[in-house]
Amino acid sequence: MITFDVIGFLLSWFTFFSIYAILSMSLNLEVGYAGMANFGKVAFYGIGAYVSAYVSMSIFLSLAGLNYPLYSLEATMAMVKLASQNPMLNVSVFILTLILAFLIAGAIGYVIMYPTLRVGPAFFGITVLSFGELLRIFLRHYEPTGATYGLTGIPHPFAWIEDVFVKNLLFTSVTLIILILLFLYAQRLVNSPLGRTMLAIREDEIAALCMGKDVPKVKGKVLFIGSGMAGIAGCILAYYIGSINPNIFVPTVTFDVWAMMILGGIGNNKGAIVGAGIITLVDRATAAINFVFPGLIIDPNFIRWMIIGLIIILVLLFKPAGLIPQTYTWTPAWKIVKPLEEKAKRRREKLLSPFKKISKWFLMGG
Amino acid sequence: MAPILKVVNVTKYFGGVRALEDVSLDVEKRAMVGLIGPNGSGKTTLFNVITGFYPPDRGEVYFKGRRIDGLNPNEIFKLGLVRTFQNPRLFFNMSVWENMLVIPQDQKGESLLKAPFTRLWLNEEMEIAKKASSLLKDFGLKDFVINKVSDLSGAHIKLLESARGLMGKGEMFLLDEPAAGVAHTDAHKIFSFIRRLRDEYGLTFFIIEHRIEVLMDYVEYVYVLHNGRLLSQGTPEEVMRDPKVIHAYIGE
């Protein structure tokens, strides 16, 4: 029997968890806070992955003075050798592409706002959905990024470490740190006047416009941050699996992320992360079961989506607002109303005290 | 004194339907002016044209001497012209407190770069919070700060809508049926409250109302719209006696 590599499983789960948690958090900013039904999340994920792969491979090859096209077999072979030579270069290229993926995906997200302004909010989702599909079809036919074969040989930032376990551990911790930083940023963002304005736009766009909010501008800002975060997730994915092709970025990815967000709770960053954790765990576990118990009658890979569907139905039946529902936007302004709140509480207690006494009497008597 | 709001020969068509034709009216500063008319006479359309929802096909709108037709609704709000809706449009899944705080214009914390750093917008936020809490006290809503708006009663929602308008730099309010769906005594309460606001804050009100019997007790001047045209105007007594108005409302 093959021994099951628990730590390897955890590392792969944590990495996918971080990637999807970043995605669902960014989707939650757009859908849960600003009310933009983004069905094209995968486009920005893909942009981040392709930008990182393209830029990092170009840098490595041009520094080595090699002139192969990026998608050629020679380039892939050369990358294997080049990637383990200079630790400083690997890490700095990783950081550079993280920033680039954020900025480019974010900028494209911001620009996408303008055409969708004209079609109106109801059609925003359809427009970005088709944008994602068009991008994928474009990449399938665009030779400089390898068309259907994609790019292979993306230099792992820690390729210079010989021990595979240490290498993976390091990478997973880096991705978790990125996730934590982005979570802290997102938390601060939504608990600020900007978060409040985003919520107001989700609640009633026309009323927000009447109350003097520049709705398109705020939406553009949210799309910039949301798409940029998706770009970061794409960048991490590219380095983690080392090879990308257009078929990874199908619309299903977007709907997976939607499922995570709905499961965890719309309008709450913590919920988005919990949802991502649960679904990636099911995903990884069903993939791993085959290795532990080979020769099962039903391949768990095939019932994965049934399990996930069941979880979602159960959660929505018993907790319709998701596992961690939306709360207030906690800005410092709440400090002022605390005295008021306590006063109201005292009044409520005074009103309830006779009932409490009666119930106590019943309990004691019983 | 120049009127605060001046509408000059405004005409608006929806396809072949003439919603407004050559409507001209003035509203003086610190006045309470009513706008009445049978259903479908164009009252709400006029409000929509004034606040920038639809551009007029012809004619001009001036607010504080500045031409405002063609501006976006958010720009008009920034100038101090606030409107409310017939069906209150609040942010129903947010607390009363957040509904108040969200209103002020161009808050520092609305910038993407400044939002994560509380220190940069803390002072402004606390000022807004103080203003909001004193307004809520004035409006008798201070016990509901943590409640969601969807938990409030109809009258409280109407009050909150006006309180919210005051959070901005509102100088003039266009109220679309402030007393719709409210009991008779509450309607009087709302109108006397509006009058008090006018006196205390020096505001101007332009009010659409179907309950003429309530409205007439409070306003100083009334415009009557009928089929998109200005049918009559004058003090409440003059308008009530005008045979054209009686004809429009009751028929032969």
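No lab work stands behind these numbers, since they all come straight from the coordinates. These numbers were taken from a predicted model, which means no experiment stands behind them. With ideal geometry, Cβ positions are generated from the backbone for all residues, glycine too; neighbour counts draw on all protein chains shown.
Summary of values
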quantity: DSSP bridge pairs, the protein assembly as shown: antiparallel proportion in percent, nearest 5; calculated: 60
quantity: Cα→Cβ-extended label distance, 7 Å offset, between B:Asp143 and A:Ile311, nm; calculated: 4.5
quantity: Helix runs (DSSP H) in chain A reaching 30 Å along axis by Cα, Kyte-Doolittle at least -1.0; calculated: A:6-28, A:41-63, A:87-119, A:164-190, A:215-241, A:269-292, A:334-365
quantity: FRET efficiency estimate (nearest 0.05) - Cβ-Cβ, A:Phe4 to A:Leu351, R0 56 angstrom; calculated: 0.40
quantity: Dimensionless Rg/Rh of segment B:57-100 - Kirkwood Rh, Rg from C-alpha atoms; calculated: 1.10
quantity: Total formal charge among the other residues, if their Cβ is under 15 angstrom from that of A:Thr286, Lys/Arg +1 and Asp/Glu -1; calculated: -1
quantity: Where the Cα pairs of chain B fall when distances are cut into 10 Å bins, in %; calculated: 7, 29, 34, 21, 7, 1, 0
quantity: Calculated on alpha-carbon atoms, Rg and Dmax of segment A:6-331 in Å; calculated: 20.2, 64
quantity: Prolate/oblate/rounded label for segment A:227-329 (Cα gyration tensor, a/c 1.5); calculated: oblate
quantity: Distance between segment A:73-147 and segment A:1-57 - C-alpha centres, whole angstrom; calculated: 13
quantity: Restraint check, A:Lys221/B:Lys64; B:Lys142/B:Lys169; B:Lys43/B:Lys130; B:Lys12/B:Lys64; B:Lys137/B:Lys158; A:Lys221/B:Lys148, Cα-Cα greater than 25 Å; calculated: A:Lys221/B:Lys64; B:Lys43/B:Lys130; A:Lys221/B:Lys148
quantity: Distance (nanometres) between label positions extended 7 Å along Cα→Cβ at A:Val164 and A:Ser58; calculated: 3.3
quantity: Span-like helix ranges in chain B, DSSP H, alpha carbon extent 27 angstrom or more, Kyte mean at least -1.0; calculated: B:118-138
quantity: Number of partner chain Cβ atoms within 10 Å, mean per residue of A:89-98; calculated: 0
quantity: Peptide B:128-134, shielding by other chains (average Cβ, 10 Å cutoff); calculated: 3
quantity: Trypsin sites (Lys or Arg not before Pro) lying in DSSP loop within segment A:172-238, provided at most 10 other Cβ fall within 10 Å; calculated: none
quantity: Test item: B:85-93 mean partner chain Cβ contacts at 10 Å; calculated: 4
quantity: Total formal charge among the other residues, if their Cβ is under 14 angstrom from that of B:Ser111, Lys/Arg +1 and Asp/Glu -1; calculated: +3
quantity: Rounded FRET efficiency, nearest 0.05, which uses the C-beta distance separating A:Leu181 from B:Ser192 and R0 of 56 Å; calculated: 0.55
quantity: Rounded to 5, percent antiparallel among DSSP beta bridges of segment B:118-252; calculated: 50
quantity: Stokes-Einstein D for the protein assembly as shown, Kirkwood Rh over Cα pairs, 4 °C, 1.567 mPa s (µm²/s); calculated: 46
quantity: All lysines inside 18 Å of A:Lys219 as judged from Cα atoms, apart from same-chain residues fewer than 8 positions distant; calculated: A:Lys41, B:Lys108, B:Lys114
